[in-house]
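Below is one structure. I have some questions about it.
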Amino acid sequence: MATIVGGIGVSHVPALGLAMAKNMQADPYWEPFFKGLAPARAWIDSVRPDAVVIFYNDHGLNFFLDKMPTFAVGAAPAYLNADEGWGLPVSAPFPGDPALSWRIINHLIANEFDLTTCQEMLVDHAFALPLKMLWPDGVTIPIVPVAINTVQHPLPSIHRCFNLGRTIGEAIAADPSDRRVLVIGSGGLSHQLDGERAGFINKAFDTAFLEELVTQPERLSRYSVLDVVEQAGTQGVELLMWVAMRAALGGPVRQVYQNYHIPISNTAACLLALEPSR
Ligand code: DHB
Ligand code: FE
């Protein structure tokens with residue numbers, strides 16, 4: 001049977017990609033974030049994943065306001081990145097895992113999630129950057145992308161994203177292969193890029209959120225999406241990805257590693273690594 005070997009939550013600020021492209025990881029501004037990657041990479045090597053499921057939010061590259069699925073799962077043999085205007089180098093195509101994708105899709109539909117299934121899907125910085133950070137020489141293991149709408153309100157609730165993650169965790173556990181799956185949640189933590197509160201960051205909320213995410217994630221459902229906007233900023237709603245990642249891990253988890261740093265660009269940047277306690 002397939003197993004989930006662990007979960008990673010990580011920010012996807014485009015400026016991090018520019019810093020990598022310019023080899024500036026050791027500069028004083030960037031170093032506090034990038035120094036957190038080495039332990040995460042070493043841990044990933046030790047748990048030997050051979051597939052990735054990544055929860056991320058498309059920012060307008062593949063889905064736009066004309067058509068915005070709440071949840072979309074990729075089922076393509078490969079995923080192409082494209083220029084979004086951030087100045088980032090376009091990544092090489094990412095390998096897909098259609099068999100695992102369809103297993104997840106079938107299980108989600110059987111459990112009353114009404115999905116968009118994508119046999120072609122462009123993937124943006126929220127998908128490409130975490131993979132680039134964790135596999136700097138290029139990721140060769142196959143990936144299942146799960147996109148959650150954070151662009152066009154109404155957004156799905158924390159409760160719904162928790163159930164999405166949990167149901168995907170069940171689908172993986174029921175997979176007859178011996179895949180070792182790493183689950184990634186891409187985004188956050190608190191940040192607001194526009195409007196009167198542009199630059200808003202809330203360390204107290206992030207700290208409390210991380211603590212509950214690890215120990216009692218079901219309790220996070222008491223926050224509405226608008227509570228999250230108020231507490232974590234308009235783009236802080238990306239923490240929905242972290243909730244789905246955590247829920248996929250199921251029961252109790254052990255925190256392997258955490259690196260929280262304020263700010264990178266306009267964002268409270270964080271990397272969190274979790275392992276299911278067995
Ligand atoms: C920034 C953060 C994001 O999550 C994003 O998608 C784009 C930009 C930022 O802080 O600059
Ligand atoms: Fe973002």
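Once you place label points 7 Å from the Cα toward the Cβ at Ser277 and Asp50, how far apart are they in nm?
Inter-label distance under the simple model: 2.9 nm.
Whole angstrom only: what separates the Cα centroid of the stretch 1-70 from the Cα centroid of the stretch 71-131?
The stretch 1-70 and the stretch 71-131 have Cα centres spaced 14 Å from each other.
Something else: If I build a Gaussian network model for the chain, linking alpha-carbon pairs within less than 10 angstrom, which residue out of Gln119, Gln231, Gln192 has the largest mean-square fluctuation?
Gln119
Considering the chain as a Gaussian network with a 10 Å cut-off on Cα pairs, which listed residue, Ala198, Ala126, Ala147, attains the greatest mean-square fluctuation?
In the Gaussian network model the winner is Ala198.
Please order Ser11, Ser91, Ser277 by the number of other Cβ within 10 Å, starting at the fewest.
Starting with the residue having the fewest Cβ neighbours, the order is Ser277, Ser91, Ser11.
Taking the chain as a Gaussian network, Cα atoms linked when under 10 Å apart, which of Ile141, Ile105, Ile172 shows the biggest mean-square fluctuation?
Of Ile141, Ile105, Ile172, the most mobile in the Gaussian network model is Ile141.
Okay, next question. Under a straight-distance cross-link criterion of Cα-Cα below 21 Å, which lysines are reachable from Lys22, leaving out those fewer than 8 residues away in the same chain?
Reachable lysines: Lys35, Lys132.
What percentage of all Cα-Cα pairs in the chain are separated by more than 22 Å? Write down the numbers at each step before the final one.
Numbers: 20017 of 38503 pairs.
Of the Cα pairs, 52 percent sit more than 22 Å apart.
So, one more: If I take every Cα pair under 8 Å that is 6 or more residues apart in the chain, average their sequence separation and divide by the length, what percent do I get for the relative contact order?
Relative contact order of the chain: 31 percent.
So how do Arg197, Arg166, Arg278 line up by other beta-carbon neighbours within 10 Å, fewest first? Could you put the intermediate results ahead of the total?
Working: Arg197 13, Arg166 19, Arg278 7.
Fewest-to-most ranking of Arg197, Arg166, Arg278: Arg278, Arg197, Arg166.
Can you compute the charge dipole magnitude of the stretch 63-137 about its Cα centre, using +1 on each Lys and Arg Cβ and -1 on each Asp and Glu Cβ, nothing else charged? Give it in debye, rounded to the nearest 20.
140 debye
How many nm separate the modelled label positions at Ala174 and Glu211, each set 7 Å beyond the Cα in the direction of the Cβ?
3.7 nm
Read-outs throughout are calculated quantities, based only on the coordinates presented, and are distinct from any laboratory measurement. Just so we're clear, the structure is a prediction, and the values are computed from it rather than from any experiment. Glycine also receives a Cβ, built like all others from the backbone with ideal geometry; neighbour counts cover every protein chain displayed.
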